1. Checking residue 83 against (1) within 26 Å of residue 138 (Cα to Cα); (2) not in a helix (DSSP H, G or I): exactly one of these is not met. Which one?
2. Could you give me the residue pairs with C-beta distances under 7 Å whose first residue belongs to segment 131-143 and is of a type in the set (Phe, Trp, Tyr), whose second residue is surrounded by fewer than 24 Cβ atoms within 10 Å (Cβ to Cβ) wherever it lies, and which are 6+ apart or on separate chains?
3. Taking segment 277-322 only, how many residues are closer than 20 Å to residue 105 by Cβ and among the aliphatic types (A, V, I, L, M)?
4. Say we look at segment 17-42 and pick out the residues that are surrounded by fewer than 18 Cβ atoms within 10 Å (Cβ to Cβ) and in contact (Cβ under 8 Å) with a residue 24 or more places away in the chain; which of these is nearest to residue 378 (Cα to Cα)?
5. Looking at (1) closer than 15 Å to residue 14 by Cα; (2) surrounded by fewer than 21 Cβ atoms within 10 Å (Cβ to Cβ), which one does residue 374 not meet, given that it meets all the others?
6. Just name the residue that is farthest from ligand 2 (Cβ to nearest atom) out of those in segment 44-80 that are under 20 Å from residue 312 (Cβ atoms) and in a strand (DSSP E or B).
7. Picking from 208, 191, which residue would you name as being at pLDDT 95 or above, within 16 Å of ligand 2 (Cβ to nearest atom) and of a type in the set (Val, Ile, Thr)?
8. Using the structure shown, decide if residue 225 is under 23 Å from residue 72 (Cβ atoms), touching a helix residue (DSSP H, G or I) at 6+ places or on another chain (Cβ under 9 Å) and β-branched (Val, Ile, Thr).
Amino acid sequence: MSAPQVYTEATIATMHPDAEGYGLIERAALVTTGAKITWVGPMAALPAAYQSAQATSLEGRLVTPALIDCHTHIVHGGNRALEFEMRLQGASYEEVARAGGGIVSTVTSTRNTSEADLLKAALPRADALIAEGVSTIEVKSGYGLDHETELKMLRVARQLAQKRPLRISTTFLGAHAVPKGAKADSYIDEVCLPALRAAHAEGLVDMVDGFCEGIAFDVPQITRVFDAARALGLPVKLHAEQLSNIGGTQLAARYGALSADHVEYATEADARALAAAGTVAVLLPGAFYTLHETQSPPVQAFRDHAVPMALATDWNPGSSPLGSLLLAMNMGCTLFGLTPAEALAGVTRHAAQALGLSDAGTLEAGKRADLAIWDVATPAELSYGIGINPLHKRIFAGQAT
Ligand code: DI6
Ligand code: FE
């Protein structure tokens, strides 16, 4: 058993679910033992057993749970700067997609990039997130759209956690786009579902996702994917109601999904369904911003129905080349009207929930010792800065990294 490590003179945002806002404790201490938190509370209440332990004064710094980016596509080949230029000249995201650009162009690059090179390209993306105090990243497949490449992407995602002090949750997103020349229905049945079963058999899949949209797959098609996931015992999530409302959110709720993501076009009834299912609404302001969207997600309806809201980068080469979760927090506040407390919950407790992780996202005894220590005095400063990274130190599984 490793010796306890005591941190003192901290301001701690516990993000405890029963507390108001940040669950803030001033003049606080936190104790880690090995990879776990063993005590959190006011310094004045530090148990005698810890008073003689090795202590580090944090000199008034803020401690939060390490951040969690619960929706990314950081494993991919190539980039889409050309498409960025096209859209600036007036083409819409859907027009670009229909012209063979968009997701399908990243598919070509990803197929043509070796596993080693995909890893090489993904590592600096992971490093950029780590530098902001991120401990856990969800990574999706979905730029392969063939058996071999979908599995290759997921293998690379798994390797990230071997190359860096990082926790990776993998998501199979075979139902991301219809590959060129294929029919959606036969693609689902003949490519996507067999690839899902093979990836699962190789231990590569933690969750299953789909893109439920006019330019991708409809509700009956995603239903087949969800049924296959259920048969394998895998939890589901869904890109739903990003560009229109075609019933994805209700579908996600019917399957008890971990999350429904984007949800700009979700309605009050959709919010009610998410609440009843315990499904997290993952808000992705980077895509909203990049695509010049004007329809904001129904944040007030989510609040009214107590739908947990998470925030993520959606880091992908097309609709959200956003490599900063801190900036996603700022955008969540400025573009969607979240409070800074909602934004921080969105990248900690609710992000953990969106990944089905019950051992992270709050600072409580028994949880993983994944912490972010910040050179700020108040938690609102994390959302307030634009392009400012005040990270002092990241602790991953009890170790400073
Ligand atoms: N919605 C998104 O925002 C990303 N995927 C999706 O289904 C976009 C992916 C891309 O444009 O490459
Ligand atoms: Fe996405």
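1. The one condition residue 83 does not meet is (2).
2. Qualifying pairs under 7 Å: 143/107.
3. 3
4. Result: 21.
5. Result: residue 374 passes all but (2).
6. 64
7. None of the other options fit; the residue is 208.
8. yes
The values are calculated or read from the model by the stated rules, or taken from the named source; none is laboratory data. What you are looking at is a predicted structure, and each value in this text was computed from that prediction instead of being measured. Glycine also receives a Cβ, built like all others from the backbone with ideal geometry; neighbour counts cover every protein chain displayed.
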